[in-house]
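This report refers to the structure that appears directly beneath it.
The values are calculated or read from the model by the stated rules, or taken from the named source; none is laboratory data. Predicted, not measured: the structure shown is a model, and the values here were computed from it. When we count neighbours, we look across all protein chains shown, and the Cβ atoms used for this are built from the backbone with ideal geometry, even at glycine. The protein model used for the area step is the full one, side chains on, heavy atoms only, and it has no ligands, DNA or RNA in it. Shrake-Rupley method; radii C 1.70, N 1.55, O 1.52, S 1.80 Å.
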Amino acid sequence: MTWPALYAQLVGTNRHSTSLGKVWLSVLFIFRVMVLVVAAESVWGDEQSDFTCNTLQPGCENVCYDQFFPVSHIRLWSLQLVFVSTPTLLVSMYVAYRNHCDKRRILQSSGRTSMLNNKGQAEELETLKKRRLPVAGALWWTYLCSLVFKMVFEGGFMYALYVVYDGFQMPRLVQCDQWPCPNLVDCFISRPTEKTIFTVFMATASSICMVLNLAELAYLVAKALNR
């Protein structure tokens, strides 16, 4: 699935979201997906080719690169965006299920009446496609679960990024003594400052999405308690 296809799916679900949910989707695609596709991929495009070590020992650079970059930032962020977007599809699945049940009910009721209701039936089916379901009942629980999953995935991936790379700052110099390196060698990372800026930016955007999810969760709970 491409990013535009995922966006089309989420926009369809967004019709049933709250205002905070619409803001979350805008932040997700403008400040994370677009930045990832347009800018971040080009910054990390030379990640392995420009990772140089002060040794000519065959295989040493590859081993050191694997030690300090076990997972590419780009792949980790792409995986994070897929996981964070997936819970929203739970809402889409529930809405599709509700529409299917209501459509079947309309067709069955029209089958028991005369055939003169075909025009009214078509209008009712068209209204069914465009309707906006209120966030209540089973949809409320589905929406709530999707928000919890989003926050868990966001927090889990941010923690993984922090642990794997020992923080969000990209070092200029790393030292490696893995076999087959002959001794402790110095390795240099290309454009560490630019990569640090992008890493902090993506972490900040992820934190903003988590705050929006938390605010939406509190809003839904408060609205349910006031009913």
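Per the conditions (1) open to solvent by 70 Å² or more (accessible area, probe 1.4 Å); (2) not in a helix (DSSP H, G or I), the sole criterion not satisfied by Thr55 is (1). Remark: pairs (first residue in region 74-87, open to solvent by 20 Å² or more (accessible area, probe 1.4 Å); second residue of a type outside the set (Ser, Thr, Tyr) and part of a helix (DSSP H, G or I); Cβ separation under 6 Å; 6+ apart in sequence or on different chains) = Ile74/Glu41; Phe83/Phe153. Here is a list of conditions, (1) at pLDDT 65 or above; (2) open to solvent by 50 Å² or more (accessible area, probe 1.4 Å), and Val43 meets all of them except one; can you say which number that is? Evaluating Val43 over (1) at pLDDT 65 or above; (2) open to solvent by 50 Å² or more (accessible area, probe 1.4 Å) leaves (2) as the failure. Of the residues making up region 137-150, those that are open to solvent by 40 Å² or more (accessible area, probe 1.4 Å) and either part of a helix (DSSP H, G or I) or among the aliphatic types (A, V, I, L, M) (or both) are Ala138, Trp141, Cys145, Val148, Phe149. Of the candidates Arg172, Arg104, the single residue that is open to solvent by 50 Å² or more (accessible area, probe 1.4 Å), modelled with pLDDT of 85 or more and of a type in the set (D, E, K, R) is Arg172. Looking across region 20-37 at every residue that is aliphatic (A, V, I, L, M) and over 13 Å from Ser85 (Cβ atoms), the one that is least open to solvent (accessible area, probe 1.4 Å) is identified as Val35.
Here is the figure for region 152-167: residues that are open to solvent by 60 Å² or more (accessible area, probe 1.4 Å) and farther than 16 Å from Val211 by Cβ total 5. The single condition from (1) assigned to a helix (DSSP H, G or I); (2) at pLDDT 85 or above that Cys187 fails is (1).
Every condition in (1) open to solvent by less than 30 Å² (accessible area, probe 1.4 Å); (2) at pLDDT below 85; (3) under 30 Å from Arg105 (Cβ atoms) holds for Leu220 except the one numbered (2).
For region 175-217, residues that are open to solvent by less than 70 Å² (accessible area, probe 1.4 Å), more than 24 Å from Leu76 (Cα to Cα), in contact with a strand residue (DSSP E or B) (Cβ under 9 Å, 6 or more places away or on another chain) and hydrophobic (A, V, I, L, M, F, W, C) total 2.
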